[in-house]
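The values are calculated or read from the model by the stated rules, or taken from the named source; none is laboratory data. Just so it is clear, the structure is predicted and the values come from calculations on it, not from any experiment. When we count neighbours, we look across all protein chains shown, and the Cβ atoms used for this are built from the backbone with ideal geometry, even at glycine.
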Amino acid sequence: MSIGSGERVRILVIEHENGTGPERFGQWLEEAGAEVVVTRPYLGEEIPTGLGLQTDGTQSDGAFDALIVLGGSAGPNDDADNPWFPQVRDLLRASIGGEFPSLNICLGGEMLALAAEAPISRRAHPQIGIYELGATSAGESDPVFGSLAGEAMPAVLFHQEEMALPDGAALLFTGSDAPVQAYRLGDFAWGTQFHPETDAGQIARWLDGNDLDLPAGKTVDSIIAEVEAADGELVARGRRLATAFVDFLRSR
């Protein structure tokens, strides 16, 4: 498939629960020339099968060029409460196999790892707030995440589940005591543990009324303050990542 420089790419975004939408990352994708379509299966909205791609590699009307799977409070195999999860994992297996690109954030990254049969474990204590991450050599040369390489990168983490690196995956970013922070499977499937889409306002909403065992030495107010303090860098890096993903889709 080849997309002309003036054509808009279409990206399907799967939102798993209220309050976990694409936020400003979706805006940055649109600024870079993408049409972002959000589907909310928790409200009964359907997830397109195969993203509308035909078996010969061409696209049907209304098809999508890529998939983004967002985060949420569930575990990646919590199918009983989220009956659409098996369908999402099937789509991610197709992405791993090279059928279409995908970018999968936090829970989405864990679902991608699970689709590749990597172990998922539950941490004794969650990671919440700003953590410093760094690119690996594979990350520096990656066509999408290479846009973030350079000096140490502040990133927002908000997770209690933790994934191992799938067999055959390239580790792109690491940091903290959850070392798998971004990785790529095959040529088209990316997963992150960190959140490029979020901001202090969304973090405050996630923390409100959430009975979490916060990381040692942190409070709700201190977490919100550290995310606010890093916001300029979060915006710059998030916008670069969104632009690089759209540029990658155009280059296919």
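Scanning region 234-252 for residues that are outside any loop (DSSP other than H, G, I, E, B), over 18 Å from the mean Cα position of the chain (by Cα) and surrounded by fewer than 18 Cβ atoms within 10 Å (Cβ to Cβ) yields one hit, S251. Assess whether L107 counts as being touching a Phe, Trp or Tyr at 6+ places or on another chain (Cβ under 9 Å) and among the hydrophobic types (A, V, I, L, M, F, W, C). Against the criterion (touching a Phe, Trp or Tyr at 6+ places or on another chain (Cβ under 9 Å) and among the hydrophobic types (A, V, I, L, M, F, W, C)), L107 does not qualify. The residue pairs whose first member lies in region 196-214 and is of a type in the set (G, A, S), whose second member is assigned to a helix (DSSP H, G or I) and modelled with pLDDT of 95 or more, and whose beta carbons are closer than 7 Å, counting only pairs six or more residues apart or on different chains, are A200/I224; A200/V227; A200/E228; A200/D231; A204/I224. Taking the conditions (1) within 27 Å of E117 (Cα to Cα); (2) of a type in the set (G, A, S); (3) modelled with pLDDT of 90 or more in turn, G52 satisfies each one other than (3). From the list V156, V144, V180, the lone residue that is modelled with pLDDT of 95 or more, farther than 24 Å from V36 by Cβ and crowded, with 18+ Cβ neighbours inside 10 Å is V180.
Annotation note: of A178, A113, A170, the sole residue that is in contact with a Pro (Cβ under 7 Å, 6 or more places away or on another chain), among the small types (G, A, S) and in contact (Cβ under 8 Å) with a residue 24 or more places away in the chain is A113.
Would you mind listing the helices (runs of 4 or more DSSP H) fully within region 80-144 where at least 3 residues are in contact with a helix residue (DSSP H, G or I) (Cβ under 7 Å, 6 or more places away or on another chain)?
Numbers: elements: 85-96, 107-115, 137-141.
Once the helices (runs of 4 or more DSSP H) in region 80-144 are filtered for at least 3 residues that are in contact with a helix residue (DSSP H, G or I) (Cβ under 7 Å, 6 or more places away or on another chain), what remains is 85-96, 107-115.
Residues of region 11-44 being of a type in the set (A, V, I, L, M, F, W, C), assigned to a helix (DSSP H, G or I) and free of Cβ contacts under 8 Å to residues at least 40 places away in the same chain, which ones? Scanning region 11-44 gives a single hit, L43. Within region 208-245, the set of residues being within 21 Å of I11 (Cα to Cα) and either modelled with pLDDT under 95 or among the β-branched types (V, I, T) (or both) comprises V235, T243.
When G6 is tested against (1) surrounded by 16 or more Cβ atoms within 10 Å (Cβ to Cβ); (2) more than 20 Å from T192 (Cβ to Cβ); (3) modelled with pLDDT under 95; (4) not basic (K, R), only condition (1) is not met. Residue-level check: of (1) modelled with pLDDT of 95 or more; (2) touching a His at 6+ places or on another chain (Cβ under 7 Å), P126 misses just (1).
For region 143-159, name all the residues that are touching a Phe, Trp or Tyr at 6+ places or on another chain (Cβ under 8 Å) and either over 15 Å from G72 (Cα atoms) or of a type in the set (S, T, N, Q) (or both).
P143, V144, F145, L148, M153, P154, A155
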